[in-house]
Amino acid sequence: MRMLINVPETVVADALRGVAAAHPELTVDVENRVIVRRDAPVAGKVGLVSGGGSGHEPLHGGFVGPGMLSAACPGEVFTSPVPDQMVRAAAAVDSGEGVLFIVKNYTGDVLNFEMAAELAEDEGVRLAKVLVDDDVAVTDSLYTAGRRGTGATLFVEKIAGAAAEEGAPLERVESLARRVDEVSRSFGVALSAVTTPAKGSPTFELPSGELELGIGIHGEPGRERRAMMTSREIADYTVDVLVADRRPSGPVLLLVNGMGATPLLELYGFNAEVHRALKERGVTVARTLVGNYVTSLDMAGCSVTLCEADEELVRLWDAPVQTPALRWGR
Amino acid sequence: MLDAEFFRRWLTGTAALVDREAARLTELDSAIGDADHGSNLQRGFTAVTEALAKDAPETPGAVLVLAGGQLISKVGGASGPLYGTLLRRTGKELGDAAEVTPGQFAAAFAAGVAAVAGLGGAKAGDKTMLDALEPAVAALGADTDTFAAARDAAGQGARDTVPLLARKGRASYLGERSIGHEDPGAASSALLLAALAEAVA
């Protein structure tokens, strides 16, 4: 194992100390694992709290700041945070206008955020929750825990964050967040397996010359394995799967996301193919974001998220944001 | 009769077993999950052992509630709330009695397992920890001799998850590809019951 770490047990705490050193505009509580924008609670503003396992950076800590999240709770690597963290975060960001929990649909995240919501409500915080479940690789059926929350989390956090920054009330921020999730779809592809610090070896075997289609963001294997495909073939496959699940009736926000170990050179080339594939299927792109935003440690590969966006969603997407990983317009 | 000391032995015994088996649990989890079940439970039960050494609650119920709270606060993932709820609910059912009968424990543990099923929305056959816990509940009876039977039933229940298709939890995303692997949650639940049987001796 070659990793730039001290010991596996302290990777999350060590990273948080580094975040604190790089971002004085954030309050980083290393011991209790909560990252909060320094000016919180902002008077008159709804608080936005998200969180999940570490290893997906910049999600979520990199999205804390004006125009996006008020606080983030990083768990252990690929493990949801514990309720204590969310309760602390909610208390830190609640100005009296209420708090929205943005939860990715994984059993652990759901259970811990539910427990936290009960505790925070006991302490008098007005709470709403939105569940992100955009991954079309998972068949929605009675038998699974439902679709996973992946790339759409970024769209939900950005758009709900912009609305909250404008002073929208909790019910409005919540309904916008839910709407973004409803019109978003994602699909991911792995070109290599992931190595967690605790295990120290790849979580699954992926021989060179093969790829996994329909992966999640926790190093879990996908649904299907095939012989390696070209960027063009992957784009066609991915866009077909996305459009078959939900054909956008208007322009989309597009996220071409790297899983951590795929260079921007490849991601931009892939983005060109995704644009071509969308155009051929009659889908127009309003805005494009390319980069490593919802990652999976050292996994090579990519995911594509489409969010059908009317004028209002595009306006909120364009609104100023100032976070470590997403920053424009101010 | 079972006193607070018995329940401390059970939980510290579970911690020791989890320490010993952590690598195997993580290996099982890497096949169909995300390769951290062993290290997560290890972190949680280490906290349980430390909390019990520091606080030394005087009733069986208080021991279990304290342990469950530690698991919820330290483990995260799905295992934290599920195991935490199992122990907390079992402890609450026992109330503040200084000693409980094996039969009272069996009934309380059944309520704890039902709470786990309610929280996770799973049932036996979904390839989860319930596949080890429910056979154990069925085996538990009015005397401590049944604890060994519960251990055996849980172990068999865990092994019986191998051919199952996962329908809950992260392994469910794999669909057909989850078949052929033992469920890590069922495997760790079998350790909990193994420690229960050991605590009698």
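A short reminder: the numbers here are calculations on the coordinates, not readings from a lab. Computed from a prediction, not measured in an experiment: that's the story for all the values here. A quick note on method: Cβ atoms are made from the backbone with ideal geometry, for glycine too, and the neighbour counts reach across all protein chains shown.
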Give the Rg (one decimal place) followed by the Dmax (whole number) of the stretch B:85-170, computed from C-alpha coordinates and expressed in Å. 13.4, 43
In nm, the gap between the two label points placed 7 Å beyond Cα toward Cβ at residue A:6 and residue A:247 is 5.6
Put +1 on the Cβ of every Lys and Arg and -1 on every Asp and Glu Cβ in the stretch B:118-201; which of B:191, B:173, B:129 then has its Cα farthest towards the positive end of the dipole? B:173
Whole-Hz ³J(HN,Hα) for each residue in the stretch A:239-251, computed from phi via Karplus 6.51 cos²θ - 1.76 cosθ + 1.60 with θ = phi - 60°, x for glycine and proline: what do you get? 5, 4, 5, 5, 6, 5, 6, 7, 7, x, 9, x, x
Could you work out the pair-distance distribution P(r) of the stretch A:269-330 from its alpha-carbon pairs, with 10 angstrom bin width and percents rounded to whole numbers? 16, 42, 36, 6
tail above 20 Å in the computed P(r) of the stretch A:97-205, as % of all Cα-Cα pairs, reads 52
Taking springs between alpha-carbon atoms closer than 10 angstrom, which of B:152, B:34, B:55 fluctuates most in the Gaussian network model of chain B? B:55
Rounded, prolate or oblate: which fits the stretch A:202-330 when a ≥ b ≥ c are the square roots of the eigenvalues of the alpha-carbon gyration tensor, with rounded for a/c under 1.5 and prolate only if a/b beats b/c? oblate
Estimated FRET transfer efficiency (residue B:46, residue B:165; beta-carbon r; R0 22 Å; 0.05): 0.05
Take the alpha carbon atoms of the protein assembly as shown, find their radius of gyration, then divide it by 2.2 N^0.38 Å using N residues; give the quotient. 0.97
Once you charge only the Cβ atoms, +1 for Lys and Arg and -1 for Asp and Glu, what is the size of the charge dipole of the stretch A:184-317 about its Cα centre, to the nearest 20 debye? 120
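Taking 0.36 nm per residue of sequence separation and subtracting the Cα-Cα distance, how much length would be gained by fully extending the chain between residue A:95 and residue A:224, in nm to one decimal? Display every interim value, and only then the final one.
Working: separation 129, 0.36 × 129 = 46.44 nm, distance 4.68 nm.
Between residue A:95 and residue A:224, full extension yields 41.8 nm more.
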Take the Cα atoms of chain B, find their three principal axes, and give me the spread along each one in whole Å, biggest first. 48, 32, 29
For the stretch B:1-71, what does the alpha-carbon gyration tensor say about shape, rounded, prolate or oblate, given a ≥ b ≥ c as the root eigenvalues, a/c under 1.5 as rounded, and a/b over b/c as prolate? prolate
In nm, to one decimal, how far is the residue A:31 label point from the residue A:171 one, both placed 7 Å along Cα→Cβ? 4.1
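Do me a favour and compute the ellipsoid semi-axes for the stretch A:9-183 from its Cα gyration tensor, root of five times each eigenvalue, largest one first, whole Å.
Over the Cα atoms of the stretch A:9-183, the semi-axes work out to 22, 20, 15 Å.
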How do A:257-266, A:95-104, B:186-195, A:275-284 rank on mean C-beta neighbours within 10 Å, highest first? B:186-195, A:95-104, A:257-266, A:275-284
Rounded to the nearest 500, the 222 nm mean residue ellipticity computed for the protein assembly as shown from DSSP H runs (n ≥ 4, each -39500 (n - 2.57)) alone is -15000 deg cm²/dmol
Which ³J(HN,Hα) values, rounded to whole Hz and listed in residue order, are derived for the stretch B:122-128 from phi using the Karplus coefficients 6.51, -1.76 and 1.60 in 6.51 cos²θ - 1.76 cosθ + 1.60 with θ = phi - 60°, glycine and proline given as x? 10, 9, 4, x, 8, 6, 9
Sort out for me the Cα centre separation of the stretch A:265-287 from the stretch B:118-195, rounded to whole Å. 46
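Residues with beta-carbon under 12 Å from that of residue B:100, excluding residue B:100: net charge, scoring Lys, Arg +1 and Asp, Glu -1?
-4
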Would you mind getting me the FRET efficiency between residue A:43 and residue A:182? Use the beta-carbon distance for r and R0 = 41 Å, nearest 0.05. 0.85
Just how large is the dipole of the protein assembly as shown about the Cα centre, in debye to the nearest 20, putting +1 at every Lys and Arg Cβ and -1 at every Asp and Glu Cβ? 960
Counting just the Cα atoms, what span does the stretch A:190-273 cover along each of its three principal axes? Round to the nearest Å and put the largest first. 45, 26, 24
Cα-based Rg (one decimal) and Dmax (whole number) for the stretch B:74-123, in Å? 11.6, 33
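Percent antiparallel among DSSP beta bridges with both residues in the protein assembly as shown, to the nearest 5?
Around 55 percent of the beta bridges assigned by DSSP in the protein assembly as shown are antiparallel ones.
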Take every residue in peptide A:196-208, count the Cβ atoms of other chains within 10 Å of its Cβ, and give the average of those counts. 3
What number, in percent, do you get for the relative contact order of chain A if the mean sequence gap of Cα pairs under 8 Å and at least 6 apart is divided by its residue count? 18
The rounded separation in angstrom of the Cα centers of the stretch A:224-248 and the stretch B:63-108 is 47
Roughly how many nanometres apart are two label points built 7 Å out from the Cα toward the Cβ at residue A:276 and residue A:264? 2.2
When all Cα-Cα pair distances of the stretch A:160-209 are considered, the percent exceeding 18 Å is 59
